[in-house]
Amino acid sequence: MLLKQSKSRWRHRLSWGTAFLCLAVPHLSMGAANLETQQTLDKLQEASLTVLAASICAGTYDNGSEKSTGNRYLADYGWDTQYYAFQDGKAQVHFTLARHRGLVQGKPLAVLAFRGSQTQGDWQLNLKTDQVLFPGGKPKEPEAKNAPAVHQGFLQYARAALDCPVDLDGDGTPDNIPAYLKTHPDQQLLLTGHSLGGAGAVLYGAELVQQGASPSQLPIITFGAPAVGNPAFAKTYGSRLDLLRIYTSLDPVPGLVQTFCGGYQQFGREKEYRLSGNYTDYQHPISYYLDLAVRDYHQVRKEALDEGLIQPLPKRSLKGNGPIVALAVFCRDNGADTRFSPDLSQFLLDEYRSLLPRYVVIASEHTREAGEEIPAQDLRGKALAAGAQYLIVVHGERQRLGQTDKWAISLGQEVVDLKNGGVLSLTTGSTRVRFEQGILQSTLRLLENQKIALRQLLPVNSQQTVNEIE
């Protein structure tokens with residue numbers, strides 16, 4: 001029974017901006033073709049895909065894409081999202097299907113992101129730890145100890161998802177996923193999930209491969225996911241699934257069933273996000289995985305830049321018509337621990353450059369402590385000297401809440417008409433950072449309001465592509 005299905009179809013689409021959402025590796029330098037070069041570029045592509053997966057996973061917890069700031073943000077980059085809640089017997093599954101409206105690296109890409117535990121029914125599935133044979137699903141007998149077997153509850157979850165009618169290509173009719181993948185060999189379907197959802201993604205992929213789908217079409221990325229099967233299952237399907245398991249240093253869930261039940265084994269490629277216990281003693285929420293994924297992407301992108309494999313994003317873009325906008329971005333951390341969070345200055349700079357068709361970056365500063373900023377008159381002078389008709393000044397700041405170790409994010413945006421010298425718009429907002437809403441999610445929530453104000457005042461990009469950037 002299909003309980004709920006909701007669609008979010010937004011027409012706005014930005015340019016490269018935060019490039020991981022377009023999955024477009026920036027322009028390569030000539031002559032870069034050796035193995036080490038390819039490894040770095042592969043790391044960059046994987047980091048891009050990981051942020052995409054974490055973004056959509058985070059949106060699944062909002063129980064409908066129309067409620068998710070993250071999914072509306074994805075829509076700006078050409079992604080349509082569709083949320084599903086499906087009841088099959090005693091198993092209820094919640095997942096999001098995201099489709100890119102264009103091609104990604106020359107191929108159509110869709111993402112299935114499975115939600116983690118949030119309801120009593122989810123926890124009832126978690127507690128069904130007895131193993132059943134795979135793919136048969138029958139109870140495992142003692143004499144079958146060397147046969148592949150999996151967690152009973154996780155398999156029920158995956159099979160409920162398989163029974164849910166899914167419109168993979170967006171034509172309005174449900175598709176048989178295994179058959180569709182066979183007849184569309186270029187189609188890529190990224191399977192992802194957090195916690196229980198990660199276990200469901202792995203077994204969903206194993207079921208599709210068992211039914212004849214090609215593993216090359218089914219990359220799998222999980223976040224903080226438990227083991228799903230016994231050593232025999234890991235041995236049999238470890239080489240048949242393209243699985244990347246991501247976990248934080250002290251997340252207990254990936255080792256849970258091995259510790260308390262025994263007979264389980266993880267498999268696949270591993271990536272550990274190092275997260276200090278002093279930063280947080282509860283490391284399982286998807287918000288941390290999203291923040292760390294974006295931080296990792298920025299670090300890998302810097303590595304590629306330092307090696308000369310990609311070109312830096314431009315500080316000036318003057319193609320096309322319309323007014324030139326001068327951009328100044330200031331970020332201040334006020335002593336906050338930023339070791340495990342995204343570079344907000346880089347993120348905001350990317351976002352505004354992707355919004356503005358014609359721009360000139362006149363200032364970009366990121367300070368840990370309070371410091372002197374460039375005076376307003378100096379900014380206006382620089383903007384006029386650059387030939388700009390408008391000036392946008394962005395202020396991002398982390399603020400401690402009282403004397404506690406709790407923090408908030410504030411974001412301000414000032415739009416100045418340089419011809420008349422007046423302030424057209426001043427938009428500010430602040431929101432608390434918490435387990436359910438990390439650094440990036442908090443920033444996106446505030447940035448959404450800034451974008452609305454900006455679109456009412458100035459022409460912004462809607463269909464620009466990577467290759468159109470100067």
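Distance between the C-alpha centres of segment 226-247 and segment 136-188: 15 Å, rounded to the whole angstrom.
With kT/(6 pi eta Rh) evaluated at 25 °C and eta = 0.890 mPa s, and Rh the Kirkwood radius from Cα pairs, segment 52-178 diffuses with a coefficient of 152 µm²/s according to Stokes-Einstein.
R0 = 41 Å: FRET efficiency of Ser214 with Gln124, Cβ-based, nearest 0.05? Computed FRET efficiency for Ser214 and Gln124: 0.75. Fully extending the segment from Glu373 to Ala144, taken as 0.36 nm per residue of separation minus the present Cα-Cα distance, adds 75.5 nm. Can you tell me the relative contact order of segment 2-301? Whole percent, Cα pairs under 8 Å, sequence separation 6 or more. Taking the mean separation of contacting Cα pairs over the length of segment 2-301, I get 16 percent. Against the empirical curve 2.2 N^0.38 Å, the C-alpha radius of gyration of the chain lands at a ratio of 1.02. When peptides 408-418, 427-437 are sorted by average Cβ neighbour count within 10 Å, with the highest value leading, the order is 408-418, 427-437. Would any residue of segment 302-346 have its amide N under 13 Å from a label point 7 Å out along Cα→Cβ of Asn278? List them or say none. Backbone N within reach: 337-340. The stretch between Cys261 and Ser425 holds 53.1 nm of extra length on full extension. This uses 0.36 nm per residue minus the Cα-Cα distance.
What shape does segment 316-468 have by the C-alpha gyration tensor, where a ≥ b ≥ c are the square roots of the eigenvalues, rounded means a/c under 1.5, and otherwise prolate means a/b greater than b/c and oblate the rest? Can you show the working numbers first?
Values: a/c = 2.02, a/b = 1.59, b/c = 1.27.
Because a/c hits 1.5 or more and a/b exceeds b/c, segment 316-468 counts as prolate.
Summary of packing: across the peptides 270-276, 336-342, 317-323, the per-residue average of other C-beta atoms within 10 Å ranks them, highest first, as 336-342, 270-276, 317-323. Of all DSSP-defined beta bridges confined to the chain, some 60% are antiparallel rather than parallel.
Relative to the longest principal axis of the Cα atoms of the chain, the long axis of helix 35-60 makes an angle of roughly 80 degrees. In the chain, the calculated helix contribution to ellipticity at 222 nm averages -10000 deg cm²/dmol per residue, counting -39,500 (n - 2.57) for every DSSP H run with n ≥ 4. Legend: P(r) of segment 312-371 from all alpha carbon pair distances, 10 Å bins from 0, whole percents, reading 21, 45, 24, 9, 1.
Over 26 Å apart at the Cα level, from the set Lys315/Lys451; Lys107/Lys182; Lys107/Lys319; Lys271/Lys451; Lys138/Lys271, are Lys107/Lys319; Lys271/Lys451; Lys138/Lys271. Oblate is the label for segment 188-279. Its Cα gyration tensor axes, ordered a ≥ b ≥ c, give a/c of at least 1.5 and b/c at or above a/b.
For the peptides 236-249, 97-110, residues were scored by their other Cβ atoms within 10 Å and the scores averaged per peptide; the highest-first order is 236-249, 97-110.
A short reminder: the numbers here are calculations on the coordinates, not readings from a lab. Not measured: the values here are computed from a predicted model. Neighbour counts are summed over all protein chains in view; Cβ atoms, including those assigned to glycine, are modelled from backbone coordinates with ideal geometry.
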